[in-house]
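One structure is given below, encoded as structure tokens.
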Amino acid sequence: MKMTKRINFKDIILFENEDYIVVNKPPFISTLDDRGLGTQNILSLAKEYHADSQVCHRIDKETSGILVIAKNAEAYRNLAMQFEHRQVEKVYHAVVNGVHDFKGILVDLPIYTLSRGVVKIDRLRGKEAQTIFNTIRAFKKHTLVECVPVTGRMHQIRVHLAQLEASIAGDEQYGGEPVYLSSLKKHFNLKKDTEERPVANRFALHAWSIEFRLPNGDILYYEAPYPKDFEVLVRQLGKYS
């Protein structure tokens, strides 16, 4: 699925001061224009809003949620150093396949990036990667999970959950299965010659919150509300469990 509607950058701002802009990134928009196609992305929108904007970290195109943009070089360095020393706390929420009772489960498995943009667990060639998982709510066939990445490798949360046999719903690249209303509702009637669509047309991962230190020493903590598709998915899972 591709996003065609142009985003109003001001509509996604959660917080702004003289150093940072914190936004709630919608799904289906890239953080950067990785392929040089000039398509709509968060960095280009941020630069239209504030010319010196620099994105401080990245999240996958399909992933929604919190993203921090620096408005000047000093602010960028401040947050970059905190990321380097693992002083930034990020929390993600994911809907995963299966019912799981995670209580501070630490997955400590190295990740190796393949040339085609897919990662795998590789104990010999991989870079260290750790993620902590906690169950927020268990449903009938799915679980809402809190994911706290200690490191920041590409696709880290997705591949670590797959290793726990808890692939993210809709993440077919790593073994996840889409959620269909017909699988939740006992009596579900689909119109003839109509193809059923998943409740959420992407993998169900949302960057929920971030906490870091501002240049003046104050702590900034912010949460990003669920976008409509993620909110509907969680609500439907609760309704039919």
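Let's test the formula: R0 of 35 Å, r as the Cβ-Cβ distance of Ser183 and Ile13. What FRET efficiency results, to the nearest 0.05? Write down the numbers at each step before the final one.
Values: r = 37 Å, r/R0 = 1.05.
For R0 = 35 Å, the calculated efficiency reads 0.40.
Once a ≥ b ≥ c are taken as the square roots of the eigenvalues of the Cα gyration tensor of region 65-145, is the result rounded (a/c under 1.5), prolate (a/b larger than b/c) or oblate (a/b not larger than b/c)? Could you put the intermediate results ahead of the total?
Numbers: a/c = 2.20, a/b = 1.38, b/c = 1.59.
Oblate is the answer for region 65-145, as a/c is 1.5 or above yet b/c matches or exceeds a/b.
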Using Cα atoms only, what is the angle between the long axis of helix 73-84 and the major principal axis of the chain, expressed in degrees (0 to 90) to the nearest 10? 50 degrees
Given a Förster distance of 30 Å, the FRET efficiency implied by the Cβ-Cβ spacing of Leu106 and Lys228, rounded to the nearest 0.05, works out to 0.40
Return the FRET efficiency for the residue pair Met154, Gln82: r is the Cβ-Cβ distance, R0 is 22 Å, and the value is rounded to the nearest 0.05. 0.65
Amide H of Asp171: which non-local residues (sequence gap of 5 or more, or other chain) have their own amide H closer than 5 Å, using H built in the peptide plane? Gly176, Glu177, Ala204
Glu89-Leu214 pseudo-label distance in nm [points 7 Å out on the Cα-to-Cβ vector]: 1.9 nm
Translational diffusion of the chain, µm² s⁻¹ [Kirkwood Rh, Cα pairs; Stokes-Einstein; 4 °C; 1.567 mPa s]: 68 µm²/s
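Bear in mind that the values in this text are calculations on the coordinates, not laboratory data. All of these numbers come straight from a predicted model, not from anything done at the bench. Quick reminder, even Gly has a Cβ in these numbers, built from the backbone with ideal geometry, and neighbours come from all protein chains shown.
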